[in-house]
Structures are given as C-alpha cells and as structure tokens.
Amino acid sequence: MSWHATVLTLFPPMFPGPLGLSLAGHALSAGLWRLEVQDIRDAATDRHRTVDDTPFGGGAGMVMRPDVLDAAIGCDDGRPLLYLTPRGQPLTQDRVRALASGPGVRLICGRYEGVDQRVLDVRGVEEVSVGDYVLSGGELPALVLLDACVRLLPGVMGAEASGEDESFSAGLLEYPHYTRPAEWRGHVVPEVLLSGHHGAIAAWRRAQAEQITRARRPDLWRRHVNLIDLPGMDSAPAGP
Ligand code: ADE
C-alpha cells in the first residue's frame, strides 16, 4: 500500500495543482503515493449545503461548523490528522520525515476565520503552521506539506538527493552552487571547485554552509553548534 494523503477542503480543484507536475506528479502517476481529495461541503446536511456560521461572541468572518467537519473526517484510520493553521506548531523537516515514514496523512484545510475548536479537541487534531504569515486558507500549506513529504518517499528522488548530503549538512543551510561557464560577466567560480580535490571541495562547502547559516539564521546556528558540542561536553554551549 502506497503512502496515502487525504485532503479535506472546500476547494477540491486546488488539488493536485503543482503536485500533479514534476517530481511529485511523476511519483503520483507511478503510484508511489496516492491523493484523495474530499469536499467538506459534501458532509453538509441542509438544502443550502451550509458549512459555516457566525462566531459566538461576535466578530468578523465565519467559522466552520464542528458537526459538518466531524462528519467529513469520518472514521479514524490510523493516519495522523492535521489542521493547517498559522496557530499551529511550525512544520519542521523532522516532522516531515516522521510523516513521510508513516502510512500517510489526513489534512484539514480551513477557510474563513477558522474552525470550531471543539472538533479539533475531540478529534485530537494536530495543528501545523507553514510559517509566520497568514494565507487565505490551508490549501497552499497542505500542498507545501505534501510536497515536503512526497520527495522523501522511497523511489521518488533520484540518487542526487540521497540522505548523504543532508546528513553532511544536517541543520545547516546549503552551500552555494556553480555550473558552466567558469567565468560569467567577469565573475569566476571559486577556484577550489575546479581543483578536482574532493577533500578540499567538501571542506570549502562545509565552511560556506556554516558561514551562511551563522549570518542568516542565528537560531539554526545555535542549535547546530549545541548539537555538535553535545557528545564531548567539554565546551560551553553557544551563547545567545
Ligand atoms: N492557513 C493560513 N495561513 C497558514 C499558515 N501560515 N500555515 C498553515 N496554515 C495556514
């Protein structure tokens, strides 16, 4: 049985969207993963197929009804149930790896102001954010999460992106890349990359990755330094 994603949404035509192309699209056609798109509105019971209502306590926008969403969710099938929301825990590569190594995911995409909190509590839904900015719905975040998972599924990526390079640079931002021509608009490629000296190239890339991480993402840098310091325990943890 291949990795199984189910998306609950009010906008089914947004899927597979970009996941129907390129790496994820080929993997989808090849049966390496399966995508099921479920229209939340199909679970509405009234003549107007109502899925939302005004918020108790007042305020702007509409809230998705708990009864409709609960009916759309249906039975638990062992796959993690996630709700995409800027209030959620930030999505990390560790979480992506864990999700990709399981049976699949069920993703709830909200619209309007959100969904009734009770259904999230009762169904034990994990709330996940793709970043500290607000999008108009959970569909794009769901595509982001699925893309991140699918590329890790066995057989999806070629040898070029095997775990080797990721463990080499674990927790660091990537070093810069260069290709032909060796000189372009008067700018030359760093000489070490033309040397054919694999050890020197690896050391240069490592140093670049560290320098870029330190400058751009002090949060990642601190974590990286603390992690590599841990086994020895003979140096002080990195400062703020
Ligand atoms: N829905 C709207 N904005 C979002 C975000 N940043 N992450 C996840 N879901 C969202």
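No lab work stands behind these numbers, since they all come straight from the coordinates. This one's a predicted model, so the numbers in the text were calculated from it and none came from an experiment. Don't worry about glycine lacking a Cβ; one is built from the backbone with ideal geometry, like all the others, and counts go over all protein chains shown.
Got a sec? Charge dipole of the range 165-228, +1 on Cβ for Lys and Arg, -1 for Asp and Glu; which of His224, Pro190, Gln208 is way out at the positive end? With unit charges placed on the Cβ atoms, the residue in question is His224.
The GNM of the chain, with springs linking C-alpha atoms under 10 angstrom apart, assigns the highest mean-square fluctuation among His48, His187, His197 to His187. Normalised by the number of residues in the range 20-89, the average gap of Cα pairs under 8 Å and 6 or more apart makes the relative contact order 21 percent. When the chain is treated as a Gaussian network with alpha carbon springs shorter than 10 Å, the biggest mean-square fluctuation among Gly158, Gly196, Gly59 belongs to Gly196. Seen against the Cα atoms of the chain and their longest principal axis, helix 198-216 is set at about 50 degrees.
Over the Cα atoms of the range 169-227, the radius of gyration divided by the Kirkwood radius equals 1.06; this is the Rg/Rh ratio.
Please determine, in degrees from 0 to 90 and to the nearest 10, the orientation of helix 139-150 with respect to the longest principal axis defined by the Cα atoms of the chain, where the helix direction is its Cα long axis. On a 0 to 90 degree scale, this one is about 50.
Take every Cα pair under 8 Å whose residues are at least 6 apart in sequence, average their separation, divide by the length of the range 3-150, and the relative contact order is 30 percent.
Note on the range 3-150: Rg/Rh from Cα positions, Kirkwood definition for Rh, rounded to two decimals, is 0.96.
Considering helices alone, the calculated mean residue ellipticity of the chain at 222 nm is -9500 deg cm²/dmol, with DSSP H runs of length four and up weighted by -39500 (n - 2.57) and normalised per residue. A Cβ-based charge dipole, computed about the Cα centre of the range 165-228 with Lys and Arg at +1 and Asp and Glu at -1, lands at about 220 debye.
Counting Cα-Cα pairs of the range 49-103 in 5 Å increments starting at 0 gives whole-percent bin shares of 4, 13, 16, 19, 18, 13, 10, 6, 0.
What the Cα convex hull of the range 12-87 gives, in volume per residue, is 160 Å³.
Net charge dipole, the chain: roughly 380 debye, given to the nearest 20, about the Cα centre with Cβ charges of +1 for Lys and Arg and -1 for Asp and Glu.
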